[in-house]
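Take a look at the structure below.
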Amino acid sequence: MPHASRTTRLLALATLTTFTLAACGGGSDDSSSGGGDVDASGETLSVWIMEGTNPDATPFFEDVSAAFEEETGATLDIQFIPWASAHDQFVNSIAGGTGPDVAEVGTTWTPEFGDAGALMDLSGQMEEAGLSDAYVDSVMESGTYDGAVYGAPWYAGVRSLIYRADLFEENGIEPPTTWDELADAGDALKEADPDLIPFPIPNSTHTTSPFIWGAGGEIAVQEGDTWTSGLDSPESVEGLAYLESLVEEHELSTPAASTWNEADTRDAFARGEAGMIISGSWTPMSIVEANADLEGKLGVVPIPGQDGGMAPSFAGGSHLSVFETAENQDLAWTFVEMMTTGDFAAQWGEQTGYFPATEDLLTQLEEADDPLVGPFATQMRDGSATLPVTPMWGQVEGAQTIPAMMESILGGGADAEGAAQTAAEEMNGIFDS
């Protein structure tokens with residue numbers, strides 16, 4: 001695909017139908033920091049924003065619209081797009097040349113749309129604005145493909161280990177810092193309360209990947225223009241075998257969890273049925289909202305590394321991208337810079353439970369001494385990673401390659417090595433297509 005013509009890429013993109021999201025500011029403290037002197041009086045900038053990330057986004061965008069009009073003279077046309085239908089809507093609009101000027105794009109979609117020739121390379125604008133090094137590396141990496149920056153990092157979430165701090169304290173259990181300690185903590189929770197699920201493991205890419213990366217493996221590796229699955233490497237299999245051992249040997253999960261997704265584990269935790277889960281930085285707030293009795297009883301630590309430190313965790317979220325069809329790309333960049341840096345980026349993060357994706361704002365959160373925020377911020381800064389940055393990754397997600405592999409390991413009786421080999425073959429078939 002990288003060597004196809006733009007027309008061919010657009011036609012190929014238009015044939016794709018269903019993919020899933022892997023997912024969900026910097027140089028200025030001024031919420032109206034834009035791209036210099038832009039006078040666009042009377043113009044309208046069309047913007048697509050994904051629906052649901054912020055439960056009540058209308059007041060936020062009313063403030064943004066007022067600030068944007070004051071700075072540029074232009075008005076904003078904000079349209080909210082459901083995540084479930086967004087990919088198809090993007091594909092159709094790109095093929096028909098009817099896309100917006102600016103859009104929120106999930107981090108795993110950005111390389112696909114950029115490779116199709118639909119998105120503007122923002123590297124020049126970032127350099128001119130002094131923002132080239134302002135954004136968190138992992139989120140910047142996921143928006144960069146073939147040397148071009150197709151998405152400015154807007155917000156991101158990262159997963160860490162959330163645990164029942166009250167149960168740990170009652171039973172003299174220390175938060176785990178290694179894989180052995182994670183297993184030991186689960187064993188102690190099970191002994192203290194046999195009805196508790198110590199550590200439910202779902203068939204989720206984002207629960208699986210930290211243990212692949214933590215063992216030194218890779219999801220996929222790139223050589224030149226070619227991608228190859230890394231799931232069947234000895235290191236990756238070691239990480240998968242560890243998860244298998246937590247189920248088979250330690251019995252820390254439950255057979256039912258092999259069919260769960262992350263939301264199911266979060267719900268079980270909120271009901272008081274689980275002792276530890278891997279979940280996102282946006283989760284503690286929703287858990288307490290679902291079960292007020294858990295307020296003050298939660299703890300968070302980075303996902304333990306195999307022998308200490310942190311296992312890398314996927315940093316998922318969204319970019320803001322400028323479409324090549326935008327009539328006033330300077331105006332579009334002004335909006336992108338305003339949204340991804342400074343006050344508006346900080347406000348969005350606070351309202352959604354995600355992190356702003358600039359180093360300076362992340363540092364402020366890390367240093368705020370909030371025990372349910374700081375560990376996630378540390379994970380984001382020092383222990384986050386991205387999934388393979390290739391236009392083909394959406395097809396891997398659509399095929400549910402990794403979740404299917406995990407379901408076969410956790411509940412289907414398959415051994416880690418065999419399941420990894422099967423998944424690697426499927427992934428390579430997608431890459432080779």
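Under the condition of being modelled with pLDDT under 95 and out of contact with any Gly (no Cβ under 7 Å at 6 or more places or on another chain), which residue from region 98-112 is most open to solvent (accessible area, probe 1.4 Å)?
Residue satisfying both the conditions and the ranking: Thr98.
Output yes when any residue across region 282-298 is closer than 27 Å to Gly239 by Cα, in contact with a Leu (Cβ under 9 Å, 6 or more places away or on another chain) and open to solvent by 30 Å² or more (accessible area, probe 1.4 Å), and no when none is.
no
Collect the residues in region 341-385 that are in a loop (DSSP other than H, G, I, E, B) and surrounded by 24 or more Cβ atoms within 10 Å (Cβ to Cβ), keeping them in residue-number order.
Once the filter is applied, which keeps residues that are in a loop (DSSP other than H, G, I, E, B) and surrounded by 24 or more Cβ atoms within 10 Å (Cβ to Cβ), region 341-385 yields Thr341, Tyr354, Ala357.
Please tell me if Ala95 is part of a helix (DSSP H, G or I), out of contact with any His (no Cβ under 9 Å at 6 or more places or on another chain) and at pLDDT below 95.
yes
Looking at Gly316, Gly305, can you tell me which residue is small (Gly, Ala, Ser), open to solvent by less than 10 Å² (accessible area, probe 1.4 Å), at pLDDT below 90 and not in a helix (DSSP H, G or I)?
On inspection, the qualifying residue turns out to be Gly316.
From Thr390, Thr325, Thr334, which residue is in a helix (DSSP H, G or I) and hydroxyl-bearing (Ser, Thr, Tyr)?
Thr334
When only residues in region 262-293 that are in a loop (DSSP other than H, G, I, E, B) and modelled with pLDDT under 95 count, which is farthest from Thr207 (Cα to Cα)?
The residue in question is Trp282.
The values are calculated or read from the model by the stated rules, or taken from the named source; none is laboratory data. Not measured: the values here are computed from a predicted model. So basically every Cβ, Gly included, is an ideal-geometry build from the backbone, and we count neighbours across all protein chains shown. Just the protein is used for accessible areas: all its heavy atoms, side chains included, with ligands, DNA and RNA removed. Shrake-Rupley method; radii C 1.70, N 1.55, O 1.52, S 1.80 Å.
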